[in-house]
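What follows is a single structure, written as structure tokens, with notes after it.
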Amino acid sequence: MGFLLILGLAILALLTGQSSAKYEYQTKYLDVPLDHFSYVNESVTFKLRYLTNDTYNPDGSGPILFYTGNEGDIELFAQNTGFMWELAPKLKASLVFAEHRFYGKTLPFGNASYESPRHLGYLTSEQALADFAYLLAQINPSNRTVRARPVVAFGGSYGGMLAAWFRMKYPHMVTGAIAASAPIRQFDTDCGVFNQILTSVFSVAYTKECSLNIGRSWDV
């Protein structure tokens, strides 16, 4: 029994080590403006977390594959976006994963970020895209003698929407975008259709009382 326990712990440690080292990157922070669109808080900044990997582009001349972080910890997305890691060596590209404001460790007001509507007023897609553009301007500058490297934005779901919008709003900075499962346009469907279908599924698959009981569980 003791041997099996030790063996099991050893295997678990090995798998955990492999998982944690699946993709490696550097963690960096950049001070970005809290509000990109007014002069009220122009001096107020917060630290935006982003992850980078230049293994396949040591001379810094190749393209940048840029992940537009969405609603979650950016490390989770970095470890589960294998397509970008597969492309990087083929394109000799750098990888950048930018965290979305108010998620992960990118909290403009620290632990109080969600405590006030005044704080949450800065949680918008427009502000997040401006954060990404601000970051790109720092890591991929261009002038009359230096040409900016091509940038391709990546994202899925809400992150895919951000990737597409990033390309649309900042075409001078983003060469292209790959948006996976991204509902860019609102579907012309009644908002209550999903609830009707779900109710029907529970009624048919189980019993009518099942769907009624689920409805009673919501205090609305």
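The values are calculated or read from the model by the stated rules, or taken from the named source; none is laboratory data. As the structure is a computational prediction, the values presented were derived from the model and not from experiment. Every residue, glycine among them, receives a Cβ derived from its backbone with ideal geometry; neighbour counts consider all protein chains shown.
Counting just the residues of the stretch 29-77 that are β-branched (Val, Ile, Thr) and touching a strand residue (DSSP E or B) at 6+ places or on another chain (Cβ under 9 Å), which one comes out surrounded by the most Cβ atoms within 10 Å (Cβ to Cβ)? Here the answer is THR68. Can you pull out the residues in the stretch 136-155 that are without any contact (Cβ under 8 Å) to a residue 60 or more places away in the chain and closer than 23 Å to ASN70 by Cβ? Matches in the stretch 136-155: ALA137 only. LYS90 satisfies every condition listed in (1) touching a strand residue (DSSP E or B) at 6+ places or on another chain (Cβ under 9 Å); (2) over 26 Å from TYR39 (Cβ atoms) except (1).
Within the set ARG185, ARG149, the sole residue that is under 27 Å from the mean Cα position of the chain (by Cα), under 21 Å from THR52 (Cα atoms) and of a type in the set (Lys, Arg) turns out to be ARG149. The condition (being under 15 Å from the mean Cα position of the chain (by Cα), modelled with pLDDT of 95 or more and within 30 Å of SER142 (Cα to Cα)) is satisfied by just one residue among ILE64, ILE74: ILE74. When we screen MET161, MET173 for residues that are under 28 Å from GLY82 (Cβ atoms) and outside any helix (DSSP H, G or I), the only hit is MET173.
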